[in-house]
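Novice: Encoded as structure tokens, here's the structure I'll be asking about.
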């Protein structure tokens, strides 16, 4: 079985797809390999492609720019998505985080143009994939809301941590 098929079978965006649909979807992805410390996505880079990324192997560190420089905020694991904003039509300036590979990493990459072709030829398959992307993003928002609530409760219970 190929790396692409194995990754797509565990990806949240393909959970509604049949095996036949996954095999069609496989052709839309390229595999990119990175070494430790390689920059995958840079915020605001206008040359950045409008690709959807799915981590196949390894880990990716997510960093944001803060007043103290770059701060690591998350580590992506196999099956996780990245590049969603520009993939669905956002401008590269909307990228808020840099992605760096941690160790040997392989990433599946699909351009929005390839996905647009799928929309025309297989609209129901594309619809199922977009539903998967929305569920994935909703999970991120739900997690962030829970963490925000925990932080707020901590601050108010502990008088600002003082």
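No value in this document is a laboratory result; all are computed from the given coordinates. Because the structure is predicted, anything quoted here is derived from the model rather than measured.
Novice: Specify, per residue and in Å³, the volume enclosed by the convex hull of the alpha carbon atoms belonging to region 1-70.
Specialist: 125 Å³
Novice: Looking at the chain as a GNM with Cα springs under 10 Å, which of 148, 11, 109 has the largest mean-square fluctuation?
Specialist: 148
Novice: Compare 23, 70, 59 in a GNM of the chain, Cα atoms joined below 10 Å, and give the one with the largest fluctuation.
Specialist: Highest fluctuation among the options: 70.
Novice: To continue, here is another question. Quick one: what do you get for region 31-81 if you divide its Cα Rg by 2.2 N^0.38 Å?
Specialist: My calculation over the Cα atoms of region 31-81 gives 1.20.
Novice: Just subtract the alpha-carbon distance of residue 23 and residue 75 from 0.36 nm times their residue separation and send over the number in nm, one decimal.
Specialist: Extra length available between residue 23 and residue 75 comes to 15.9 nm.
Novice: Please identify, among 117, 98, 146, the residue showing maximal mean-square fluctuation in a Gaussian network model of the chain using a 10 angstrom Cα cutoff.
Specialist: Evaluated over the chain, the most mobile residue of the options is 146.
Novice: Also: Using only the alpha-carbon atoms, what does region 34-162 span along each of its principal axes? Please give whole angstrom values in decreasing order.
Specialist: Its Cα atoms span 59, 33, 27 Å along the three principal axes.
Novice: In whole Å, what is the distance between the alpha-carbon centres of region 15-41 and region 42-71?
Specialist: Value for the Cα centre distance between the two parts: 17 Å.
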